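> This is the structure I want to talk about, given as structure tokens.
The values are calculated or read from the model by the stated rules, or taken from the named source; none is laboratory data. Only a predicted model underlies this, so the values are computations on that prediction, with no experimental measurement involved. Glycine gets a Cβ as well: all are built from the backbone with ideal geometry, and neighbour counts include every protein chain shown. Side chains are part of the model used for accessible areas, which takes the heavy atoms of the whole protein and leaves out ligands, DNA and RNA. Shrake-Rupley method; radii C 1.70, N 1.55, O 1.52, S 1.80 Å.
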Amino acid sequence: MPLGNGFYEMLLMFFFWGFAGWLIECIDMRIEAGEFQNRGFLHMPLCPIYGVGMVIGSMALSGIRDSYIILFVFGVLFCSAAEYIVGGILESLFHSKWWDYSHMRFHIKGRVCLRNAILFGFGAIVVFRFVQPVVENVFRRIPMEMKISIIAIFSLVFVIDLFISVRRAWTYRKNQKGDELMLVFKAHR
């Protein structure tokens with residue numbers, strides 16, 4: 001049974017899955033590139049795109065978690081659309097790419113690729129069908145005072161980090177030469 005998507009639970013979900021997404025990205029890059037790379041826009045271990053996606057997905061899929069086909073299609077379409085849109089926004093704002101799948105087969109502007117779309121589809125099945133119900137059960141057991149404290153601390157750190165990260169990206173944008181911004185930005189984190 002879903003949490004009911006209360007305000008506090010959605011914020012906990014945002015932070016939990018934002019961290020989980022960051023961790024998965026780091027593991028993927030460790031395997032692909034052979035080195036640790038902070039895959040997030042932020043300095044803290046959090047990829048907001050995953051947190052937002054899970055909150056939206058949990059609300060959208062609350063009554064249909066038993067359909068593997070719907071979960072797969074949702075994962076492929078929703079996650080790919082989110083990745084494409086967010087990639088485009090980051091490119092427009094900061095004149096840089098935070099990820100680039102141009103080296104992958106069947107990509108669209110390097111923002112999305114078929115391999116990741118399929119992984120998102122299978123990931124949606126695993127996460128929404130099996131993992132998210134456990135996460136919701138754990139969240140349900142956390143006392144309200146503790147939920148509020150956790151959310152307050154993480155929200156404060158998140159807002160500060162977001163401000164610092166945007167400021168740093170704007171500074172790099174002003175000093176940028178060509179498409180080297182992402183490489184310089186990532187190397188100096």
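> Could you check, for the range 132-144, whether at least one of its residues is acidic (Asp, Glu) and either open to solvent by 80 Å² or more (accessible area, probe 1.4 Å) or farther than 19 Å from residue 17 by Cβ (or both)?
no
> So which of 78, 36, 72, 120 ends up being of a type in the set (Phe, Trp, Tyr), closer than 22 Å to residue 157 by Cβ and open to solvent by 30 Å² or more (accessible area, probe 1.4 Å)?
Selected residue: 36, the only one of 78, 36, 72, 120 that is of a type in the set (Phe, Trp, Tyr), closer than 22 Å to residue 157 by Cβ and open to solvent by 30 Å² or more (accessible area, probe 1.4 Å).
> Mind listing just one residue for me: the one in the range 145-156 that is open to solvent by less than 70 Å² (accessible area, probe 1.4 Å) and hydrophobic (A, V, I, L, M, F, W, C) and, of those, nearest to residue 11 (Cα to Cα)?
The extreme case among them is 151.
> I'm told residue 115 meets every condition in (1) open to solvent by less than 80 Å² (accessible area, probe 1.4 Å); (2) out of contact with any helix residue (DSSP H, G or I) (no Cβ under 9 Å at 6 or more places or on another chain); (3) within 25 Å of residue 33 (Cβ to Cβ) except one. Can you identify the failing condition by its number?
(1)
> One residue is enough: does the range 23-33 have a residue meeting the conditions more than 18 Å from residue 119 (Cβ to Cβ), open to solvent by 20 Å² or more (accessible area, probe 1.4 Å), under 14 Å from the mean Cα position of the chain (by Cα) and at pLDDT 90 or above?
No, that holds for no residue.
> Does the range 46-66 hold any residues that are outside any helix (DSSP H, G or I), in contact (Cβ under 8 Å) with a residue 12 or more places away in the chain and of a type in the set (A, V, I, L, M), and which are they?
The answer is 46, 61.
> Can you give me the number of residues within the range 159-183 that are of a type in the set (Asp, Glu), open to solvent by less than 50 Å² (accessible area, probe 1.4 Å) and at pLDDT below 70?
Residues meeting the conditions: 0.
> Moving on to the next point. Can you find a residue that is assigned to a loop (DSSP other than H, G, I, E, B) and out of contact with any helix residue (DSSP H, G or I) (no Cβ under 7 Å at 6 or more places or on another chain) anywhere in the range 6-22?
Yes.
> Restricting to the range 103-136, give me the number of residues that are in contact with a Cys (Cβ under 9 Å, 6 or more places away or on another chain) and of a type in the set (S, T, N, Q).
Residues flagged as in contact with a Cys (Cβ under 9 Å, 6 or more places away or on another chain) and of a type in the set (S, T, N, Q) within the range 103-136 amount to 1.
> OK, next. Any idea which of (1) modelled with pLDDT under 95; (2) loosely packed, with under 15 Cβ neighbours inside 10 Å is the one residue 85 doesn't satisfy?
(1)
> Is the range 97-106 home to any residue that is open to solvent by less than 30 Å² (accessible area, probe 1.4 Å) and either on the phi < 0 side of the Ramachandran plot or assigned to a helix (DSSP H, G or I) (or both)?
Looking for residues that are open to solvent by less than 30 Å² (accessible area, probe 1.4 Å) and either on the phi < 0 side of the Ramachandran plot or assigned to a helix (DSSP H, G or I) (or both), one finds at least one in the range 97-106, hence yes.
> Within the bounds of the range 31-45, is there any residue that is in a helix (DSSP H, G or I), in contact (Cβ under 8 Å) with a residue 40 or more places away in the chain and in contact with a helix residue (DSSP H, G or I) (Cβ under 6 Å, 6 or more places away or on another chain)?
No, every residue in the range 31-45 fails to be in a helix (DSSP H, G or I), in contact (Cβ under 8 Å) with a residue 40 or more places away in the chain and in contact with a helix residue (DSSP H, G or I) (Cβ under 6 Å, 6 or more places away or on another chain).
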